[in-house]
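Only one structure is covered here, and it is reproduced in the block below.
The values are calculated or read from the model by the stated rules, or taken from the named source; none is laboratory data. Since we're looking at a predicted model, the values are computed, not measured. No Cβ is skipped: glycine too gets one built from the backbone with ideal geometry, and neighbour counts run over all protein chains shown.
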Amino acid sequence: MLLKMGTKCKAMGFLNDLVGGSFFTPSSLALFNDAPNSSSFSCCDFQSTPWGFFLVGKVVEAEECFRKMVKDGCKPNVVTYTTLLNGNCKMELSVAVIQLLKKMEKEHNIMPDIVPYGTIIDGLCNEGLVDRALDLFLKMTRKDVAPEVVTYTSLIHEACIVRPLNNAVEFMKIRTK
């Protein structure tokens, strides 16, 4: 409604308040659907909105918002994808996470840095999928993406809980090569 009245800035401020706060509801997508065209929103507006949907457990709506963003000509970036990856990891949707990573690289030619990789590795570890996390870790390092302390911590912690301690030691040997 605010958009139709020509008060884009107020509408966007309101939407971002909803996204960041506890008042966000799935019906907030109506603000995007009511927009007359993509010029009503900046890419930044689109990029922050999927996270709000993940906060209330609405994966479908988050993905719908992402599709609308792309359809309306707003090119996703590493921040957009990291938001989607993080939301899917929080919802324990590891298959979707791997598909998103492939889409990020192949369809949008965005090379992930340590943030999306670390997000996925942590998510996979939290789901107990240490083998998949370690495979992704090795792919990441082959692409010359340097791991960080958080990534190592996720892998070692989960390897110690899910597997025998000797597997964590084996991982440390890989790290030092």
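Of note:
- Here S40 clears all of (1) over 21 Å from P116 (Cβ atoms); (2) modelled with pLDDT of 70 or more except the condition numbered (2).
- Residues within region 112-135 that are of a type in the set (D, E, K, R) and within 17 Å of G87 (Cα to Cα), tallied: 2
Table: residues versus (1) in the same structural domain as C125 (by TED's automatic domain parsing); (2) within 22 Å of R142 (Cα to Cα); (3) loosely packed, with under 14 Cβ neighbours inside 10 Å; (4) among the hydrophobic types (A, V, I, L, M, F, W, C).
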residue	(1), (2), (3), (4)
F66	no, no, no, yes
K71	no, no, yes, no
T80	no, no, no, no
G87	no, no, no, no
L101	yes, yes, no, yes
H108	yes, yes, no, no
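- 3 or more residues in contact with an Asp or Glu (Cβ under 7 Å, 6 or more places away or on another chain): qualifying helices (runs of 4 or more DSSP H) within region 59-139: 114-126
- Residues within region 116-144 that are surrounded by fewer than 17 Cβ atoms within 10 Å (Cβ to Cβ) and more than 16 Å from C160 (Cα to Cα), tallied: 7
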